[in-house]
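Asks: My questions all concern the structure below.
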Amino acid sequence: CRDRYTGTELARPELDRLRDGAQAGAFEAVLVYDPDRLSRKYVYQILILEEFERLGIPMIFLEQPPPDDPKAVLLLQIQGAVAEYERTKITERYRRGKLYRARQGEVFWNSIPYGYRRIPRQDGTPAHLVIDDTQAEVVRTVFAWHADAGTSIRQIARRLTCEGYPTPHGGEHWGETTVHRILRREAYLGVLYYNTSGWASVPSPEGGAPRRKRSPRPPEERIAISIPALIAREVFERSQ
């Protein structure tokens with residue numbers, strides 16, 4: 001491409017045509033005489049280089065400075081710093097956005113307790129949970145067997161399997177872990193918590209690089225969201 005516009009500008013018709021061609025997969029590589037011909041601003045160079053790298057199209061500079069050239073080193077350092085900044089900004093914006101939505105009472109994630117259905121956001125109404133009557137009946141039955149009849153978790157799992165109750169994932173065999181998880185789920189009292197755990201770096205026991213481990217957050221950092229209750233507190237406490 002030949003461009004009659006100055007290299008200090010990003011909005012250049014021929015550069016736009018080159019970028020459109022890259023999006024359309026019109027070529028396999030791009031030859032550029034010198035980085036300054038791509039743009040005379042490092043930020044614009046980085047932006048365009050990342051765009052073509054994301055599309056899998058190499059950009060080859062005929063007059064590329066050698067790897068030990070201070071200009072090339074600076075460009076790589078700036079490129080890395082800007083890329084890290086953008087990733088951090090996007091991650092932080094995403095995290096804060098989710099916290100805000102949770103504080104507004106919205107259940108925007110898909111992993112919800114057995115016994116409920118998630119209604120997506122629509123017509124300005126935030127995503128929320130409603131009771132799934134079929135699943136809720138199973139939950140109430142499990143609590144009744146455990147709290148009132150004194151049935152053990154192992155016996156409950158066997159009985160659910162024998163009587164043909166579908167599992168939370170649609171299977172036929174109920175495991176003790178699944179039953180135990182239902183009986184311990186405080187959300188059935190009418191409160192669902194968000195931001196209950198987070199990732200933290202912990203030392204590796206082998207002395208290598210730190211590992212990331214999910215750990216519980218302090219109670220004051222958790223966000224309570226009201227949902228329809230399935231179990232009376234008195235029944236839940238007797239079960240515990």
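Asks: Go through region 181-186 residue by residue and turn each phi into a ³J(HN,Hα) via Karplus (6.51, -1.76, 1.60, θ = phi - 60°); whole Hz please, and just put x for glycine and proline.
Replies: Running phi through 6.51 cos²θ - 1.76 cosθ + 1.60 with θ = phi - 60° gives 5, 5, 5, 9, 7, 5 Hz.
Asks: Moving to a separate point now. Taking R0 as 45 Å, what's the FRET efficiency between T141 and R87 from their Cβ-Cβ distance, rounded to 0.05?
Replies: Between T141 and R87 the formula returns 0.40.
Asks: Strictly greater than 32 Å: what percent of every Cα pair in the chain meets that?
Replies: Across the chain, Cα pairs with separations above 32 Å total 53 percent.
Asks: Give me the one-decimal nm value for the distance between modelled label points at R17 and Q240, 7 Å along each residue's Cα-to-Cβ direction.
Replies: 7.1
Asks: While we're on this one: Before rounding to the nearest 500, sum -39500 (n - 2.57) across all DSSP H runs of length at least 4 in the chain and divide by the residue total; then give [θ] at 222 nm in deg cm²/dmol.
Replies: So the helix-based figure for the chain works out to -12500 deg cm²/dmol.
Asks: Take every DSSP beta bridge whose two residues both sit in the chain, then give the antiparallel share in percent to the nearest 5. Show your work: numbers first, answer last.
Replies: Numbers: 15 of 18 bridges.
Given both bridge residues lie in the chain, the antiparallel proportion sits at roughly 85 percent.
Asks: Counting Lys +1, Arg +1, Asp -1, Glu -1, what net charge surrounds P166 among other residues with beta carbon under 13 Å of its beta carbon?
Replies: Every neighbour counted, the sum reads -4.
Asks: So which trypsin sites (Lys or Arg not before Pro) in region 73-155 pass both tests, a DSSP loop state and at most 16 other Cβ atoms within 10 Å of the Cβ? Can you show the working numbers first?
Replies: Values: sites: R87, K89, R93, R95, R96, K98, R101, R103, R117, R118, R121, R140, R154; in loops: R121.
Within region 73-155, the qualifying trypsin sites (Lys or Arg not before Pro) (loop, at most 16 other Cβ atoms within 10 Å) are R121.
Asks: Once the convex hull of the alpha carbons of region 96-178 is built, what does its volume come to per residue, in cubic angstrom?
Replies: Working: hull volume 10.0 nm³, N = 83.
Output value, Cα hull per residue: 120 Å³.
Asks: Could you tell me how many degrees, from 0 to 90 and to the nearest 10, lie between the Cα long axis of helix 133-143 and the main elongation axis, the longest principal axis, of the Cα atoms of the chain?
Replies: Helix 133-143 and the main axis of the chain meet at about 60 degrees.
Asks: Quick query: amide H of F61 versus all other amide H atoms, modeled in the peptide plane; which residues come in under 5 Å with a sequence gap of 5 or more or a different chain?
Replies: Here the answer is V32, since their amide H atoms fall under 5 Å of that of F61.
Asks: Please give the contour-minus-distance gain from A127 to Y94: 0.36 nm per residue of separation, less the Cα-Cα distance, rounded to one decimal in nm.
Replies: So the chain would gain 10.2 nm between A127 and Y94.
Asks: Ignoring ligands, DNA and RNA, please state the percent of accessible area on region 119-240 from carbon and sulfur, probe 1.4 Å.
Replies: Carbon-and-sulfur percentage of accessible area, whole number: 48.
Asks: Let me ask something else about it. How much accessible surface does T134 have with a 1.4 Å probe, in Å² rounded to 10?
Replies: 100
Asks: Ok, one more. Enter the accessible area per residue of region 103-220 (Å², integer; probe 1.4 Å; all protein chains in place). Could you put the intermediate results ahead of the total?
Replies: Details: 7520 Å² over 118 residues.
That works out to 64 Å² for each residue.
The values are calculated or read from the model by the stated rules, or taken from the named source; none is laboratory data. Please read all numbers here as calculations on a predicted model, not as lab measurements. Neighbour counts are summed over all protein chains in view; Cβ atoms, including those assigned to glycine, are modelled from backbone coordinates with ideal geometry. For the accessible areas, the whole protein counts, side chains as well, though only heavy atoms, and no ligand, DNA or RNA atoms are used. Shrake-Rupley method; radii C 1.70, N 1.55, O 1.52, S 1.80 Å.
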